[in-house]
Amino acid sequence: MKSLGFVEVQSVAAAIDCLDIMCKAAAVELVTWERKLGGRLVTIVVRGQVSDVTTAVEATDSAIIKPSAKAVIANPHSETERLVQISAARINKPRV
């Protein structure tokens with residue numbers, strides 16, 4: 001079953017650390033990331049099997065900055081998937 005994992009952390013450097021930890025802990029892939037407040041608050045979204053995403057999200061407790069919020073959504077609703085794809089489309093847009 002597919003699932004989405006969300007981790008919100010303060011700073012871009014901490015977000016990269018969290019992503020590295022998640023990808024090493026389980027078979028997950030980055031879907032998108034959102035930077036708010038000039039990069040002072042970053043949300044990472046990963047996708048994979050429920051057990052892998054759960055393992056990856058839980059592994060972020062060992063990051064350089066503890067995440068301020070974490071969530072795993074098993075079998076996300078199509079509207080949730082659509083919202084994540086809108087975010088992903090922004091970072092995948094070719095730059096001119």
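A short reminder: the numbers here are calculations on the coordinates, not readings from a lab. Here the structure is a predicted model, which is why all the values come from computation and not from measurement. Here the Cβ is made from the backbone with ideal geometry for all residues, glycine too, and neighbour counts use every protein chain on show.
Summary value for the chain: 40 percent relative contact order, contacts being C-alpha pairs under 8 angstrom separated by 6+ residues.
Here semi-axes √(5λ) of the Cα gyration tensor in Å was calculated from the structure, and among (i) 19, 18, 11; (ii) 42, 22, 13; (iii) 25, 14, 12 it sits at label (i). Using the Cβ of LYS2 as centre and a radius below 12 Å, the other residues enclosed give a net charge of -2, where K and R count +1 and D and E count -1. In what order do SER78, SER3, SER87, SER62 fall by count of nearby beta-carbon atoms within 10 Å, going from fewest to most? In increasing order of surrounding Cβ atoms, one gets SER78, SER62, SER87, SER3.
Cross-link partners for LYS70 among the aspartates and glutamates, with Cα-Cα distance under 17 Å and sequence neighbours closer than 8 places in the same chain left out: GLU8, ASP17, ASP20, GLU29, GLU34, ASP52, GLU58, ASP61. For ARG47, ARG90, the sequence from fewest to most other C-beta atoms within 10 Å is ARG90, ARG47.
Neighbour counts of C-beta atoms inside 10 Å place GLU79, GLU34 in the sequence GLU79, GLU34, starting with the fewest.
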